[in-house]
Amino acid sequence: MLITDTALQQEIDTLESAEAFLQHFKVEFDQALLRPKRLLFMRLFKQELDREPGEVDRQHYRRLLAKAYCLLERGVIPQSTSSCGGCEGCD
């Protein structure tokens with residue numbers, strides 16, 4: 001995934017929570033569902049971003065956020081990926 005729109009990147013850099021991302025990009029969400037699952041949502045979103053081979057514009061970014069939230073609503077668990085890649089025990 002690549003964001004070449006510097007204004008979009010600057011906007012993203014200011015967002016500090018799952019709620020902030022969804023609100024900023026005008027994706028409707030249920031606070032009661034999201035609150036206890038913020039980390040899962042952000043992992044799903046990162047997973048969707050990582051699957052994108054090319055450039056992502058504002059509309060595409062919004063669609064990926066909405067898709068990640070939809071997956072969360074359906075109970076999809078993100079694929080576990082270790083930051084270090086050395087083991088599976090810490091996720």
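The values are calculated or read from the model by the stated rules, or taken from the named source; none is laboratory data. If you're wondering where the values come from, they're calculated on a predicted model, not measured in any experiment. Neighbour counts are summed over all protein chains in view; Cβ atoms, including those assigned to glycine, are modelled from backbone coordinates with ideal geometry.
Taking segment 14-46 as the range and being part of a helix (DSSP H, G or I) and either buried (at least 18 other Cβ atoms within 10 Å of the Cβ) or β-branched (Val, Ile, Thr) (or both) as the test, the residues that pass are Thr14, Ala18, Phe21, Leu22, Leu34, Leu40, Phe41, Arg43, Leu44, Phe45. Cβ separations smaller than 9 Å between residues 6+ apart or across chains give the following pairs from segment 8-19 residues that are closer than 21 Å to Leu34 by Cβ to residues that are surrounded by fewer than 10 Cβ atoms within 10 Å (Cβ to Cβ): Glu19/Gln31. Within the option set Val56, Val27, Val76, being at pLDDT 95 or above and among the aliphatic types (A, V, I, L, M) holds for one residue only, Val27.
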